[in-house]
Every structure is written in structure tokens, then in C-alpha cells.
Amino acid sequence: MKTFINFILLTCLVGLASGQTTYIVDNNSNAPDGPNVRSTLQDAVDDATDGDFIYVQPSPTTYGTAIVEKELHFVGIGFNLTKDQPHLSTVNNIYLRNNTDNTSNASGSSITGLVINNIYLTRNFNGGSIFTLNDVKIYNNQMTAITWITSTSNTIRVNNMEFYDNQVGTIYFNREITNTIIRNNLVTSQFILDSTVPQTAVISNNILYTSIDKDSEG
């Protein structure tokens with residue numbers, strides 16, 4: 001726990017130097033007060049601006065679901081713990097998408113150290129147009145699934161995504177991915193690349209307790 005707190009303090013100093021803000025999400029009974037402390041993940045997301053960091057404190061209680069429409073960087077304590085307090089940084093779902101007028105999206109975001117139900121790659125259902133989700137990094141998380149929500153009216157494209165060092169049940173992409181790296185993951189349930197168009201991805205050094213269902217070329 002001391003190492004995690006020191007890491008937060010160090011990143012706060014880096015954030016101040018670079019003009020970024022660090023938010024702390026903490027729903028524990030002994031949570032500190034402060035202008036950048038929030039009790040739910042969505043509250044921190046709503047108040048943050050592009051490039052900000054959100055640190056999710058370990059807790060016995062989930063921090064709920066978050067809809068992300070800007071570049072944000074989420075940091076949890078991790079899931080392979082040998083620390084003095086075995087609580088995890090647990091959230092329900094994270095949606096990476098665009099806003100309604102398509103002037104902002106979650107491109108450039110990163111997620112690490114969280115225990116997550118699902119990460120959804122999707123567009124805004126309230127009018128957001130088709131867009132490309134660029135340069136997202138998702139690593140060192142434990143999750144049930146990463147899922148691309150899509151239909152003919154709900155298409156997004158994923159480019160330059162890195163998905164690595166995760167423990168995940170299902171990877172399900174049913175639209176095109178380009179320049180994407182999927183490596184060093186433990187996949188326990190399903191791995192589906194379901195697009196009918198060519199895809200460009202490097203898939204390497206994963207441990208699979210399943211097969212890869214691949215319907216596309218490339």
C-alpha cells in the first residue's frame with residue numbers, strides 16, 4: 001500500500017509539472033477530503049479533462065460504471081497482490097466512445113491495474129457518428145471481457161490499440177482492427193475476430209484456454 005501511495009504522489013507531482021490533473025477515486029470510509037477526491041469513477045471522469053489521470057484506490061466495494069468520451073488514464077493497484085491490504089481496484093463496466101456531436105472521443109486513453117467486468121468499445125448511442133478509436137492502451141487488468149459493441153448503425157474502427165498483460169475471459173472484436181497488438185494475455189473463454197474485412201493485428205505470446213475464431217483475412 002505504501003508503494004501505491006508513493007506512486008500516486010509521484011504522479012501527482014508529474015501531473016502538476018505537465019499541466020495535467022490527478023483525481024483520486026476512493027469510496028472507503030476513511031477516504032481523504034480534497035478538491036480532486038471522488039467517490040465514484042463516473043464523477044471523476046465527468047470532472048476530468050483530456051490527459052488527466054484517475055487513480056482508483058483499492059476498496060471492498062466496486063466503483064461502478066464509467067462512460068469515457070475523452071482521453072483519460074486510469075490506474076488501479078493491480079490484481080496479483082502480495083500486499084498488506086488485499087482489496088482490489090474494482091469497477092463494473094468502462095465504455096470507451098465518442099460524444100454526441102463527435103468532437104471528442106476516448107482516443108489516447110489507457111487503463112491499467114483494474115479489476116473490470118467489461119470494457120466496451122462503442123459509439124455514443126445518442127447520436128455520435130462513426131469514428132476511429134486511436135492509440136488506446138489496456139494492460140495489466142483482470143476482466144471478464146473486452147467487447148466491441150457494434151451493428152450496421154453502430155460501427156467504430158480501432159487503430160493502434162495495445163492490449164497486453166491482461167487476464168481476460170473473452171476478447172470479441174467483430175469489426176475491423178488495424179495496427180493492433182494483442183500480446184502476453186491469459187484468455188480463458190473466447191477469442192473472436194469476427195469482421196469480414198481484412199484486419200492487421202499482431203497476436204503473440206498469449207496463453208489461450210480457447211481457440212481463435214477468425215472470420216476475416218489479414
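Of the residues making up segment 51-74, none is at pLDDT 95 or above and part of a helix (DSSP H, G or I). Taking the condition under 19 Å from residue 133 (Cα atoms) and open to solvent by 60 Å² or more (accessible area, probe 1.4 Å), does residue 49 pass? It is true that residue 49 is under 19 Å from residue 133 (Cα atoms) and open to solvent by 60 Å² or more (accessible area, probe 1.4 Å).
Only a single criterion out of (1) β-branched (Val, Ile, Thr); (2) within 18 Å of residue 165 (Cα to Cα); (3) at pLDDT below 95 is not satisfied by residue 112, namely (3). Residues of segment 25-50 that are of a type outside the set (S, T, N, Q) and assigned to a helix (DSSP H, G or I): 41, 43, 44, 45, 46, 47. Residues in segment 181-213 that are more than 16 Å from residue 145 (Cβ to Cβ) and either at pLDDT 80 or above or surrounded by 15 or more Cβ atoms within 10 Å (Cβ to Cβ) (or both): 181, 183, 184, 195, 199, 200, 201, 202, 203, 204, 205, 207. Has segment 102-114 got at least one residue that is under 19 Å from residue 171 (Cα atoms), open to solvent by 10 Å² or more (accessible area, probe 1.4 Å) and in a loop (DSSP other than H, G, I, E, B)? Looking through segment 102-114, none of the residues is under 19 Å from residue 171 (Cα atoms), open to solvent by 10 Å² or more (accessible area, probe 1.4 Å) and in a loop (DSSP other than H, G, I, E, B).
Within segment 19-59, being of a type in the set (Asp, Glu) and more than 20 Å from residue 99 (Cα to Cα) holds for 26, 33.
The values are calculated or read from the model by the stated rules, or taken from the named source; none is laboratory data. Because the structure is predicted, anything quoted here is derived from the model rather than measured. Glycine also receives a Cβ, built like all others from the backbone with ideal geometry; neighbour counts cover every protein chain displayed. Quick note on the areas: whole protein, heavy atoms, side chains included, nothing else; ligands and nucleic acids left out. Shrake-Rupley method; radii C 1.70, N 1.55, O 1.52, S 1.80 Å.
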